[in-house]
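Read through the structure below, which is laid out as structure tokens, and then see the notes.
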Amino acid sequence: MKTELFFRQPDSVRDIKVELLKPRRHGSHFQQLVVIHSRKNDNCLRMSPTLLDFCLMLERRRDIRYYQPTPYTLIQPSRAFRYTPAVCAYGDDLGLIFFETTRFMSDGCEDQLVRHEDWFGEMGYPFCPCQPYTNISYCELLQWRYLYGYSFSFKAQDSSVALDILKHRNNCTVQELLDAGADFSDIAYQLFYGEATADLRLPITRTTALTLPSART
């Protein structure tokens, strides 16, 4: 785990304990773990399937530098408080931030949510309850997984043939980019990180049209 992701007890709070979790090698009988190679962490991460799409969203976010699912448990005996964040993340401008993606989201959990927000607020850490699938379709989630997997053959430091073509032509299909010499990993990388855009509500095919973000209305 990157050192920036470790919890640092603030001077105003004296009795917080950090309980590191043993790396999970497998899931339960009812839920298997998934493994992704995180480009941002330069490491393989094992996680609950319910966190996969949220972590892919963090891979895409420019303000997030590192992240870790279920990193550790925070314990404050004086308040009988014990909590394992769903995800912690770090950004150069954000600092250390904690995300919750499932707990406290249902009716009747409002008091627990407020309690956690107040607790993290007292320590000076942002606590963000998120429902990442509110405005995104299941097809789009599948497209992000597909694009991320295919983007790995392209290196960020490489020049992008796909972007060079789009800058001259504004609008191209996947097939036109391939015919012009772009590799599909390049196309996938630019779409995943938002350098190019397409309608991901439909499956990506050779006729899918790509544009530069500034070209879309």
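Every number in this text was worked out from the coordinates using simple rules, so none of it is lab data. Given the structure is predicted, the values throughout are model-derived calculations rather than measurements. For neighbour counting, all protein chains shown are included, and Cβ atoms are generated from backbone atoms with ideal geometry for every residue, glycine included.
Partners of Lys40 within straight-line reach, counting aspartates and glutamates whose Cα lies under 19 Å from its Cα and excluding those fewer than 8 residues away in the same chain: Glu4, Asp53, Glu59, Asp63, Asp92, Asp93, Asp158, Asp186, Glu195. So, in Å, what gap is there between the alpha-carbon centers of segment 29-103 and segment 155-187? Using only Cα atoms to place each centre, the spacing works out to 33 Å. Overall, the chain carries a charge dipole of about 580 debye about its Cα centre when +1 sits on the Cβ of Lys and Arg and -1 on the Cβ of Asp and Glu, all other atoms neutral. Could you work out how far helix 49-60 tilts from the main Cα principal axis of the chain, as a 0 to 90 degree angle to the nearest 10? Tilt of helix 49-60: around 60 degrees. When you restrict to C-alpha pairs under 8 Å that are six or more residues apart and normalise by the size of the chain, the relative contact order lands at 15 percent. Entry note, segment 3-129: relative contact order of 22 percent, from Cα contacts under 8 Å with a spacing of 6+ residues. Which one of Pro77, Phe120, Ala182 has its Cα pushed farthest toward the positive end of the charge dipole of the chain, where Lys and Arg give +1 and Asp and Glu give -1 at the Cβ? Farthest towards the positive end: Pro77.
Hydrodynamic analysis of segment 72-128 uses the Kirkwood radius over alpha carbon pairs. Inserted into Stokes-Einstein at 25 °C and 0.890 mPa s, it gives a translational diffusion coefficient of 203 µm²/s. The angle between the Cα long axis of helix 110-123 and the longest principal axis of the Cα atoms of the chain comes to about 90 degrees, rounded to the nearest 10.
In this structure the amide hydrogen of Tyr66, modeled in the peptide plane, comes within under 5 Å of the amide hydrogens of Tyr90, none closer than 5 places in sequence on its chain.
For segment 167-215, the list of trypsin sites (Lys or Arg not before Pro) that fall in a loop by DSSP and count at most 13 other C-beta atoms within 10 angstrom reads Arg201, Arg206. Using a cutoff of 8 angstrom between alpha carbon atoms and counting only pairs six or more residues apart, the relative contact order for segment 35-104 works out to 24 percent. From the coordinates of this entry, percent of Cα pairs over 26 Å apart is computed, and it appears in (i) 45; (ii) 29; (iii) 33 under the label (i). Listed by chain and number, the lysines placed with their C-alpha closer than 19 angstrom to that of Lys22 are Lys2; residues fewer than eight positions away on the same chain are left out.
Looking at segment 134-211, which GluC sites (Glu not before Pro) are DSSP coil and have at most 16 other C-beta atoms within 10 Å of their C-beta? All intermediate terms of the calculation are to be shown ahead of the outcome.
Details: sites: Glu140, Glu176, Glu195; in loops: Glu195.
Here the GluC sites (Glu not before Pro) that fit, given the DSSP loop and packing criteria, are Glu195.
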